[in-house]
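Q: First the structure, then my questions, so here it is.
The values are calculated or read from the model by the stated rules, or taken from the named source; none is laboratory data. From a predicted model like this one, the values you see are computed outputs, not experimental measurements. We place every Cβ from the backbone using ideal geometry, glycine too, and count neighbours over all the protein chains shown. With ligands, DNA and RNA removed, areas are computed over all heavy atoms of the protein, side chains included. Shrake-Rupley method; radii C 1.70, N 1.55, O 1.52, S 1.80 Å.
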Amino acid sequence: MNKKFILSILVENYSGTLSKVAGLFTRRGYNIDSLNVAETQDPKLSRITVAVTGDGYIIEQITKQLHKLINVIKITTLTEETSVQRELMMIKVNAVGSKRTEIIQIVGIFKSTIADVNTKNLTVVITGTEEKNNAILELLKPYGIVEMTRTGPTALERG
Amino acid sequence: MKIKAAEAIVKCLEAEKVKVVFGYPGGAVLPLYEALRNSDIRHILVRQEQSAAHMASGYGRALDEVGVCIATSGPGATNLITGIATAYMDSIPLVAITGQVLSDCIGKDMFQEADIIGATQSFTKNSYLVKDAKELPRIIKEAFFIASSGRKGPVLIDIPKDVQDELIEFKYPEKVDIRGYKPTLSGNPRQIKRAVELINKSKRPIVCIGGGIRYGNATEELKKFIEKSKLPVVCSLMGVDGFPNKSPYFAGLIGSHGYNYANRAMNDSDLIIVIGARFADRSTSMMNKNNVQNIIHIDIDPAEIGKNMPAKVPIVGDAKEILNDLLEYDYDLDHNEWLYELQENRNNYLSKSLASSSLLNPKLFISKISEQMGDDGIWVADVGLNQIWAAHSFMVSGSKLFLTSGGLGTMGYSLPSSIGAKIACPNKTVISSMGDGGVQMLMSDLAVAREHNVGVKFIIFNNGKLGMVRELQKNAYGEKSYFGTDVGFNPNFMKIAEAYNIKGMKISKEDEMDNAINEMLKDDEPFILECIVDPEIPSVPRLGGKKNE
């Protein structure tokens, strides 16, 4: 049965490592839902967080193949239960006249912030789980979304 | 004292005990060639870079060392690609060094620039673009270690020309420490115990070996284990030389082009013990996966276990170590009937397969030559019908090697890699068997055999067809569907031999075989033997339209 997984991949920070990790997904025919990467507290290491959908067999295959990459040090498979997950989303939404107050209320309820304002629209920034972000997105859609971007989840193991 | 990075590369190669490199020079490797000129490392100039990779591959496999090939940037590097991919699929230890355009020009589409790291990413075990000359000694040390340890494979080092010219303090590291690379060698004792229990409970067990037996230097251990446990052995194409095929326990080659009865045996067995094999699509294509009951899968690459077939007992580790562990247990099986059945099937098959015919039966011919090539000979089979004939009929004994491109199925592999093998082992008989299609892929490298007096015996089975593809066409679309598989024109191979100043001989009948073998093996000169064979001889009888083998 297909399920969402997050793979947290600790890699040595050499040039080409990200391309090797991403390339492996392409070459073996696995789909990436989202991917993000940044240096860790140790500048020699980076953490790549990949969200994938697949069954147990696929996840096992991906993990084994990733382990074969020389620069991959550690892979942790994270689920919602075992990890803290957040994604960042920015939404530029139409906000003219009375609509503006309504939007500001929604932003307040979701404890998100308004990062940019002009006469026609607002840019809302929200950090949360995928579900929370989906919820605010649905609420803002009727006002007309001009542009949006979201990062996909990044995650850390609990405890 | 500082030295040029190019000289440091050569010093690193010397430290790795590299004696021969196969290469083709060019602008981006000029500094490296200048350093090589002043060293004792022997350089073999190939005629096409693909041959450099294949020669290094044959050289490495023959000696169980890392083969080294060198090419310049751009087209030199891209010509290596097929050889690198071949090495990757068959786990061959190889270090490929390529020149690259000047560091600050990378990405600007300079003359002879190609992103060779990107191009080879999915079929190198690891690759390095060297940006800082000081890193070179560590990188080269790591490259040799990675290529030759764990599941072996090719490593590519791409070095910009200006980096080769930099001055560095040279110190070759004594140890490697790569955080993300620690191959597992020892098998888990609990799993080994479980495996033994399963073996002792089985009624119709079968051992299936792959290239990992040879790569892991485990042939002796395997022999001892089989003699102790009395288990029958089948092999994959890569495992042909892993077990003597005259042993009463040998039960044949499996797979799409294996023996019918060996495939049947896999289906009828109640326990399959896979050792050092991927258990890939071609090996398992004749198996009814629903029939398979229990699999014990032993391999050094954890990613291969459970990839193609579910394993009941997975054991990750080195074949030699694990076989030694297995040897410590006692085996008490009641499977004589099963053994007897397999032996009878095999003898029946061989007597038919090696039957005489007035025309030339290539299988009979191959078995005869392989019996006379010495117990340490090396056979290098190309790809196509000739590969299957050779895999079926090559007589394994002593320390004989059977090299072929099993995974990638690279036509043209045999000619250059046999030259590499003979350069590695000048005192051994090395035979290259090819079809008339495969020989023409890298035929220009016959020049290397002549130039360096490399006494490979080249056998061309000439049927005027691309026989394997033709057979596939026939079985897929019927006999009238042959297309593009008729080699409309072949050169006069005897004149080719003459042009390269290599002795040649052409035969077409069975009664000419013995004389040809004598002529061919009587000295240590290169030799071209052209055998005219009937284009209707199939790979295996099953695929030739006859029902029984």
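Q: Residue by residue through region A:115-126, which ³J(HN,Hα) values in whole Hz follow from phi under the Karplus form 6.51 cos²θ - 1.76 cosθ + 1.60 (θ = phi - 60°), with glycine and proline marked x?
A: So the J values, rounded to whole Hz, are 9, 8, 10, 9, 5, 9, 8, 10, 10, 9, 10, 9.
Q: Another question, if that's okay. Could you list the GluC sites (Glu not before Pro) in region B:266-332 that lie in coil according to DSSP, counting only those with at most 13 other Cβ atoms within 10 Å of their Cβ?
A: Listed in order of number, the matching sites are B:328.
Q: Give me the lysines in straight-line cross-link reach of residue B:400: C-alpha distance below 21 Å, same-chain residues under 8 apart excluded.
A: Hits, sequence-local ones excluded: B:152, B:223, B:224, B:246, B:320, B:363, B:368, B:422, B:428, B:457, B:522.
Q: P(r) for chain B: what percent of alpha-carbon pairs falls in each 20 Å bin, starting at zero?
A: 22, 52, 25, 1
Q: Provide the per-residue ³J(HN,Hα) series for region A:33-49, in order, calculated from phi with Karplus coefficients 6.51, -1.76, 1.60 and θ = phi - 60°, each as a whole number of Hz, with x at glycine and proline positions.
A: So the J values, rounded to whole Hz, are 7, 7, 8, 9, 8, 7, 4, 9, 4, 9, x, 7, 10, 10, 10, 9, 10.
Q: Under the definition of Cα pairs under 8 Å and six or more residues apart, what whole-number percent is the relative contact order of chain B?
A: So the answer I get is 13 percent.
Q: Just to confirm a number: summing +1 for Lys and Arg and -1 for Asp and Glu over residues other than residue B:306 whose beta-carbon lies under 14 angstrom from that of residue B:306, what do you get?
A: After counting each charged neighbour, the total is 0.
Q: Of all DSSP beta bridges located in chain B, what percent are antiparallel, nearest 5?
A: DSSP beta bridges in chain B are roughly 5 percent antiparallel.
Q: Let me ask another. Which percentage, to the nearest 5, of the DSSP beta bridges contained in the protein assembly as shown is antiparallel?
A: Bridges in the protein assembly as shown are about 45 percent antiparallel.
Q: Let me ask something additional. Go through region B:253-260 residue by residue and turn each phi into a ³J(HN,Hα) via Karplus (6.51, -1.76, 1.60, θ = phi - 60°); whole Hz please, and just put x for glycine and proline.
A: Result, ordered by residue: 9, 9, x, 4, 10, x, 6, 3 Hz.
Q: First select every other residue whose beta carbon is under 10 angstrom from the beta carbon of residue B:66; then total the charges, Lys and Arg +1, Asp and Glu -1.
A: In short, -1.
Q: Now a separate question. Could you state the principal axis extents of the C-alpha atoms in region A:84-157, from the largest down, to the nearest angstrom?
A: 44, 20, 19
Q: Evaluate the Kirkwood expression for the hydrodynamic radius of the protein assembly as shown, namely the inverse of the mean inverse distance over all pairs of different C-alpha atoms, and round to one decimal in Å.
A: 28.1
Q: Cα to Cα, under 16 Å, and not fewer than 8 places away if on the same chain: which lysines meet these conditions relative to residue B:465?
A: Output for residue B:465: B:474, B:480.
Q: Considering only protein heavy atoms, what is the solvent-accessible area of residue A:14 at a probe of 1.4 Å, reported in Å² to the nearest 10?
A: 100
Q: List the residues, sorted by chain then number, that are 5 or more residues from residue B:252 or on another chain and whose placed amide H is less than 5 Å from its amide H.
A: When sequence neighbours closer than 5 places are left aside, the close amide H contacts are B:235.
Q: For a quick check of understanding: with a 1.4 angstrom probe and all protein chains in place, what accessible area in square angstrom does residue B:338 have, to the nearest ten?
A: 10
Q: Amide H neighbours of residue B:433 under 5 Å, at least 5 residues apart or on other chains, H built in the peptide plane: list them.
A: Answer set, sorted by chain and number: B:380, B:381, B:382, B:459.
Q: Here is a further query. Hey, got a sec? Which GluC sites (Glu not before Pro) in region A:59-130 land in a DSSP loop and have at most 16 other Cβ atoms within 10 Å? Could you put the intermediate results ahead of the total?
A: Values: sites: A:60, A:80, A:81, A:87, A:102, A:130; in loops: A:80, A:81.
Answer by residue number: A:80, A:81.
Q: What is the local net charge at residue A:55, summed over the other residues whose Cβ is closer than 14 Å to its Cβ (Lys, Arg +1; Asp, Glu -1)?
A: That sum, taken over residues with Cβ under 14 Å, equals +1.
Q: Ok, one more. Using a 10 Å cut-off on Cβ atoms, rank the peptides B:352-360, B:269-277 from the highest mean neighbour count down.
A: Listed from highest to lowest mean packing, they are B:269-277, B:352-360.
Q: What does the average come to when, for each residue of peptide A:61-71, you count the partner chain Cβ atoms lying within 10 Å of its Cβ?
A: Working: counts 3, 1, 2, 7, 3, 2, 5, 10, 4, 12, 5.
So the per-residue partner count for this stretch is 5.
Q: Under a point-charge model restricted to the Cβ atoms of Lys and Arg (+1) and Asp and Glu (-1), what is the dipole moment magnitude of region A:3-79 relative to its Cα centre, in debye to the nearest 20?
A: On the way: 10 positive and 6 negative charges, 37 e Å.
Magnitude of the dipole: close to 180 debye.
Q: If you don't mind, another one. Nearest 5 percent is fine: what portion of the DSSP beta bridges confined to region B:355-544 is antiparallel? All intermediate terms of the calculation are to be shown ahead of the outcome.
A: Values: 2 of 26 bridges.
Just about 10 percent of them are antiparallel.
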